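Beneath this line is the structure, given in structure tokens, with notes to follow.
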């Protein structure tokens, strides 16, 4: 099967490279360093996106739903050149509502669609051990299995179009809430006179621990906020969560509170920080810092 | 050093037994099975609580602050018979404000006090591998070190009286929020058509995971709500959290939302369930169940 690839950044680059070890891959690429990396992995590259139109499967790995829309339906977009029957696989993380509308627009042109957002950081993209959560027709996802297997070790079929995005969203919302919980509770501990490092040890060896606490507490103790995905780019998940809540009349009180904290962090200029940076909202309100005594990083 | 022990239940029983392997221990006990268990471990037992008054250190391990108050200051309580200089070590989980007032009342009688709540379930109490978080005068805690070491593998000195309770509370509040997040987000996933078992797998292998998700998701999938501490007994932590928030003017939006969910669970009659039972609030609202297809347990 011949594959095309658009979006060869942090995640998409190594995904395309791994795919090329089993399939013919042509990728749209305009960055010279990435071009060399991809060609060394057997990927054919082109600066003209429409050159990938003769692929049977097109993989997208892009930063947002609006960029996916642009790549497909914007000027010189793919939709105008793809042959009917071509399968578009969107591995980007995109709002559920956008995914549904993209899928409908593609279907009206005779194009097939699978949403397949991935989880795992760049290291797992390089190792080909990502998790892929797939939404779409089951037979379609089954026929893509060998391609997914080149990039991922955990391929989960979740249901109709949008189900992959929804599943990833569920995980992200829990992560966001757990991070927002740390943002308000840890500064409270400091305000009450407790030692941050000791509190961190108790939490991370106790029932309060989470992936968020394990990842962020050691970083925050050192004033480090650049190890995870920037909040301003991850905000789309909270938009999706709020849309789903209001449109389906589903109350989400804890998520709503966590979203308020996230928004306060963006408003206070912390959007470039990872989600550990939400703590700055409550640190500033309480005039404390959750920092180790010998912390070297940010203490502004 | 001679130790007395009051509160030889699920946790206190094995703690007293382990203490007796290194120190002389007299425990107040009126239950025959527990008496036999304790005496087999070398603990001297008595049905008259005031018989333990000649101990140098009194350990308490009781269900609530009001029972601790009763044991110390109620009719035939310990305070009327303890000699000045006796050290009272409260290993119970007690509201911060109650701990401070107990400590002050004991000090006025010339009695010393350390708060030392423990974490870890019964298995760790039996193995002597609990975590103890201590608050009180540092020299006092240091002199108690050999006694704590008989019961715990992780002994953390946190600061002045009340710091042990505060530290445990911080951990518990994070656990409660993480559990409340699951309670609203997992039923939402089901309402949107996702398969509960697959969602559970994605969360527990993803960034959304927490101790709460690892503990509760497998139980909830099977309709099992009796593996953890009952919500009605753990509610004291949320009272403490709310008191600290209002009295110190510290905003806790995510905790407040989680507390509302917890309260809804209690109001809806789920107080005997563990915190996984909070999910029933949103399951009932959305008319769904987050259950595995072959779940055998509760599906009411």
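What the table below lists for this structure:
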item: Packing-based ranking, highest mean first, of B:158-165, A:66-73 given that Cβ atoms within 10 Å are counted; result: B:158-165, A:66-73
item: For region B:183-234 and region A:239-297, distance of Cα centres in Å; result: 23
item: Simple label model, 7 Å out from Cα along Cβ direction - residue A:263 to residue B:39, nm; result: 6.6
item: Pairwise FRET efficiency - residue A:222 versus residue B:105, Cβ, R0 = 35 Å, nearest 0.05; result: 0.25
item: Test item: B:159-171 mean partner chain Cβ contacts at 10 Å; result: 5
item: Whole-number D in µm² s⁻¹ for the protein assembly as shown, Kirkwood Cα-pair radius fed into Stokes-Einstein, 25 °C, 0.890 mPa s; result: 93
item: Shortest-first distances to equivalent copies, position residue B:232, nm, label 7 Å out along Cβ; result: 5.2
item: Nearest-ten-degree value, helix A:138-151 long axis tilted from longest Cα axis of chain A; result: 70
item: Centroid-to-centroid separation of region B:28-86 and region B:107-177 [C-alpha atoms, Å]; result: 18
item: Taking only Cα atoms of chain A, radius of gyration then Dmax in Å; result: 21.0, 66
item: Of all DSSP beta bridges in the protein assembly as shown, antiparallel share, percent nearest 5; result: 10
item: Relative contact order for chain A, counting Cα pairs under 8 Å that sit 6 or more residues apart, in percent; result: 14
item: For region A:11-152: relative contact order, % (alpha-carbon pairs under 8 angstrom, 6 or more apart); result: 22
item: Spin-label model distance (nm) - residue B:143 vs residue B:2, 7 Å beyond Cα toward Cβ; result: 1.6
item: Estimated [θ] at 222 nm from DSSP helical runs (n ≥ 4, -39500 (n - 2.57)) normalised by residues in chain A, nearest 500; result: -15500 deg cm²/dmol
item: Inter-label distance, nm, simple model (7 Å from Cα along the C-beta direction), residue B:248/residue B:48; result: 4.5
item: At 7 Å out from Cα toward Cβ: residue A:107 inter-copy label distances (nm, ascending); result: 7.1
item: Angle in degrees between helix B:96-108 and the longest Cα principal axis of chain B, rounded to the nearest 10; result: 10
item: Evaluated at q = 0.12, 0.14, 0.18, 0.23 Å⁻¹: base-10 log I(q)/I(0), Debye formula over Cα of region A:166-286; result: -0.42, -0.57, -0.92, -1.39
item: Relative contact order (%) - criterion: Cα under 8 Å, at least six apart; region: region B:112-195; result: 29
item: Average beta carbon contacts from partner chains per residue of A:176-183, 10 Å cutoff; result: 6
item: R0 of 41 Å, Cβ-Cβ distance residue B:285-residue B:73: FRET efficiency to nearest 0.05; result: 0.40
item: Residues in region A:10-36 reached by a label modelled at residue A:121 [backbone nitrogen below 19 Å; 7 Å Cα→Cβ]; result: A:10-15
item: 10 Å Cβ neighbours from other chains, averaged over peptide A:196-204; result: 4
item: Across the identical copies, how the residue B:48 labels are spaced - nm, sorted shortest first, 7 Å along Cα→Cβ; result: 10.2
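Any read-out appearing in this document is the output of simple, stated calculations on the displayed coordinates, not a laboratory observation. None of these values were measured; they are calculated from a predicted model. Glycine also receives a Cβ, built like all others from the backbone with ideal geometry; neighbour counts cover every protein chain displayed.
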